[in-house]
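The values are calculated or read from the model by the stated rules, or taken from the named source; none is laboratory data. Predicted model only: the values in this text are computed from it and were never measured. Note that we place each Cβ from the backbone using ideal geometry, even for glycine, and neighbour counts take in every protein chain shown.
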Amino acid sequence: MRILPREEKFYALFLGQVDIISEASRLLLQGVRAGNARLAEVAKDIKRLEHQGDDVIHDIFTRLNSTFITPLDPEDIHSLSTRLDDVLDGIEDAAHRMVAYHVNPIPLGMVSLCEMIYTSSRALKKAFEALDKKKEVMEHCIEINRIENEADHLVRGLVSELFEKEKDCITLIKVKEIYEFLEDTTDRCEDVADVLQNVVVKNS
């Protein structure tokens, strides 16, 4: 029995939202690897993707309000939609702050965190695909949880090092805030994974 039947539009919308998240995270990683000049261009593209994501979420909520029988409990659909939106907002917020704060050069720690966000977004995509194909979902959720723990550990070390070595207070504040926004985005990915795990258990 499929958790999300192929004929249900909700599945396609969820997967479309995850595709947008994956592309936004890919662009963010590309931008931080290339440096500030490229990052400014990337931030504009991510903002456009964030607007596309808002349209998808609006479509989901509209259908949810007009559909009598849904493939999942309505509260689960609402929860997944909201948390996916949070992930995309987190990516956009991080990109905006990197550009607005003119951090130059971009620390390697930020690149590492963006790599984790990209890996988490790819795991989210695999998890939603697995729902439709009746494959294992939990392994992808566990991977997302692992990445979040790794990001949390990394940020603690980065912030500690920042306070030890950075002498300019303004730079310290800016860099610390970006680290925390990036780590928070991995938290938001984990929030989606947590809801997915509950959905699987509820529908098993």
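Residue by residue, here is whether (1) crowded, with 21+ Cβ neighbours inside 10 Å; (2) within 15 Å of the chain's Cα centre (by Cα) holds:
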position: Arg97; (1), (2): no, no
position: Lys125; (1), (2): no, yes
position: Asp132; (1), (2): no, no
position: Arg146; (1), (2): no, yes
position: Ala151; (1), (2): yes, yes
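Of the residues Glu180, Glu161, Glu166, which is surrounded by fewer than 18 Cβ atoms within 10 Å (Cβ to Cβ), among the charged types (D, E, K, R) and under 19 Å from Val99 (Cβ atoms)?
Of Glu180, Glu161, Glu166, the one residue that is surrounded by fewer than 18 Cβ atoms within 10 Å (Cβ to Cβ), among the charged types (D, E, K, R) and under 19 Å from Val99 (Cβ atoms) is Glu180.
Among the candidates Ile178, Ile144, Ile117, Ile106, single out the residue that is outside any helix (DSSP H, G or I), within 21 Å of Arg26 (Cβ to Cβ) and not charged (D, E, K, R). Don't jump to the end; show me each part of the working.
On the way: Ile178 fails: outside any helix (DSSP H, G or I); Ile144 fails: outside any helix (DSSP H, G or I); Ile117 fails: outside any helix (DSSP H, G or I).
Going through Ile178, Ile144, Ile117, Ile106 in turn, the sole match is Ile106.
Quickly run through region 30-42 and pick out the residues that are buried (at least 20 other Cβ atoms within 10 Å of the Cβ) and either in contact with an Asp or Glu (Cβ under 8 Å, 6 or more places away or on another chain) or modelled with pLDDT under 90 (or both).
If the condition is that a residue be buried (at least 20 other Cβ atoms within 10 Å of the Cβ) and either in contact with an Asp or Glu (Cβ under 8 Å, 6 or more places away or on another chain) or modelled with pLDDT under 90 (or both), then Gly31 is the only one that fits.
Just to check your reading of the model, which residue among Asp93, Asp55, Asp85 is in a helix (DSSP H, G or I), over 15 Å from the mean Cα position of the chain (by Cα) and among the charged types (D, E, K, R)?
Details: Asp93 fails: over 15 Å from the mean Cα position of the chain (by Cα); Asp85 fails: over 15 Å from the mean Cα position of the chain (by Cα).
Only one candidate qualifies: Asp55.
From Leu29, Leu15, Leu39, grab the single residue that is within 16 Å of the chain's Cα centre (by Cα) and over 16 Å from Thr119 (Cβ atoms).
It is Leu15.
Restricting the search to region 86-121, which residues are among the basic types (Lys, Arg) and in contact with a Cys (Cβ under 8 Å, 6 or more places away or on another chain)?
Answer for region 86-121, where residues must be among the basic types (Lys, Arg) and in contact with a Cys (Cβ under 8 Å, 6 or more places away or on another chain): there is none.
Please tell me if Glu115 is of a type in the set (D, E, K, R) and either exposed (fewer than 15 other Cβ atoms within 10 Å of the Cβ) or under 30 Å from Cys169 (Cβ atoms) (or both).
yes
Scan region 157-204 for residues that are within 20 Å of the chain's Cα centre (by Cα) and free of Cβ contacts under 8 Å to residues at least 24 places away in the same chain and jot them down.
Lys176
Select, from Asp76, Asp93, the only residue that is among the acidic types (Asp, Glu), more than 19 Å from Glu166 (Cβ to Cβ) and touching a Lys or Arg at 6+ places or on another chain (Cβ under 9 Å).
Going through Asp76, Asp93 in turn, just one is among the acidic types (Asp, Glu), more than 19 Å from Glu166 (Cβ to Cβ) and touching a Lys or Arg at 6+ places or on another chain (Cβ under 9 Å): Asp76.
Suppose we keep only residues that are part of a helix (DSSP H, G or I), within 25 Å of Ala127 (Cβ to Cβ) and free of Cβ contacts under 8 Å to residues at least 12 places away in the same chain within region 58-81. Which one would you say is nearest to the chain's Cα centre (by Cα)?
His58
If you go through region 53-63 one residue at a time, do you hit one that is buried (at least 17 other Cβ atoms within 10 Å of the Cβ), modelled with pLDDT under 90 and under 14 Å from Phe14 (Cβ atoms)?
Yes, there is a match, as at least one residue in region 53-63 is buried (at least 17 other Cβ atoms within 10 Å of the Cβ), modelled with pLDDT under 90 and under 14 Å from Phe14 (Cβ atoms).
Let me confirm something: among Arg156, Arg188, which residue is in a helix (DSSP H, G or I), out of contact with any Gly (no Cβ under 9 Å at 6 or more places or on another chain) and modelled with pLDDT of 95 or more?
Arg156
Need the failing condition index for Lys167 against (1) in a helix (DSSP H, G or I); (2) modelled with pLDDT under 95; (3) not hydroxyl-bearing (Ser, Thr, Tyr), just the number.
In the conditions (1) in a helix (DSSP H, G or I); (2) modelled with pLDDT under 95; (3) not hydroxyl-bearing (Ser, Thr, Tyr), Lys167 misses (1) alone.
Checking the condition under 20 Å from Tyr11 (Cα atoms) and part of a helix (DSSP H, G or I), which residue from Lys135, Lys126 passes?
Answer to the selection: Lys126.
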